[in-house]
Amino acid sequence: RLIELAGTDSLTGIANPMRMGEEFIRLRSQAERSGMALSLVVLDIDKFKRVNDLHGHDIGDRALQHIAGILSERLRGSDLACRLGGEEFALLLLGADHQQAAKLADHLRQQVDSIPLSLNGTELRISFSGGVATLLNDGDDLSTLLKVADQRMYEAKSSGRNRIVSAHNPVPESLANS
């Protein structure tokens, strides 16, 4: 039980970075043995500071729990949702190549966007931006994959937010530099 608690984010109940690191090692080994793809998606809630500033940190916490709940409900049993910290999440997707991971992340993005957080009769719409990286195509260790996915997530934010960027749909130079 203590090991489980040590690997769990106390606010959201999903995996924390320590557990993600352990699971990545296991999933990478499984992917290499079976020839399966393994992708990492980094997600960041759009304009989260504004949520905290307008509604308070308790509502910000509820928004994080709301997102974590949707991710947990919608992922397959072989996938792992993790809260990296702050308003940033990561997904480890075994058996998902770049295209499949981007499609799943975009589906999750649409789900989050369409299921507002209820706040005493009002609804708070939440969106996120994400970036996708795939084992071998973008790197062979977790640190490198996190950097690539994080960079792509920032490309999604700089090109308008509420979108997913993967290697197969890079942001045009003109948008990335504006």
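One table, with the values for the structure above:
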{"quantity": "Dipole of the range 21-178 [Lys/Arg +1, Asp/Glu -1 at C-beta], most positive-end residue of F48, L38, A149", "calculated": "F48"}
{"quantity": "For the range 97-148, alpha-carbon Rg over 2.2 N^0.38 Å", "calculated": "1.53"}
{"quantity": "In sequence order, calculated HN-Hα J values of the range 20-31 (Karplus, 6.51, -1.76, 1.60; Hz; x Gly/Pro)", "calculated": "4, x, 5, 5, 4, 4, 5, 5, 4, 4, 5, 5"}
{"quantity": "Computed accessible area, I164, all protein chains, 1.4 angstrom probe, square angstrom", "calculated": "20 Å²"}
{"quantity": "Highest-fluctuation residue, R33, R19, R109 considered, GNM on the chain with Cα pairs under 10 Å", "calculated": "R33"}
{"quantity": "Within a Gaussian network of the chain (alpha carbon springs, distance under 10 Å), most fluctuating of N162, N120, N137", "calculated": "N120"}
{"quantity": "Top of H55, H107, H66 by mean-square fluctuation, Gaussian network on the chain, Cα under 10 Å", "calculated": "H55"}
{"quantity": "Electrostatic dipole magnitude of the chain [Cβ: Lys, Arg +1; Asp, Glu -1; Cα centre; debye, to 20]", "calculated": "200 debye"}
{"quantity": "Cubic angstrom per residue, convex hull over Cα atoms of the chain", "calculated": "117 Å³"}
{"quantity": "Reciprocal of mean inverse Cα separation for the range 69-129 (Kirkwood radius, Å)", "calculated": "12.7 Å"}
{"quantity": "Residue-averaged [θ]222 nm for the chain, counting only DSSP H segments that reach four residues, each worth -39500 (n - 2.57)", "calculated": "-15500 deg cm²/dmol"}
{"quantity": "Listed residues T144, T12, T122, T134 arranged by accessible area, highest first, probe 1.4 Å", "calculated": "T122, T144, T12, T134"}
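The values are calculated or read from the model by the stated rules, or taken from the named source; none is laboratory data. Worth saying up front: this structure is predicted, and the values here are computed from it rather than measured. Here the Cβ is made from the backbone with ideal geometry for all residues, glycine too, and neighbour counts use every protein chain on show. In case anyone asks, the SASA skips ligands and DNA or RNA and just uses the protein heavy atoms, side chains included. Shrake-Rupley method; radii C 1.70, N 1.55, O 1.52, S 1.80 Å.
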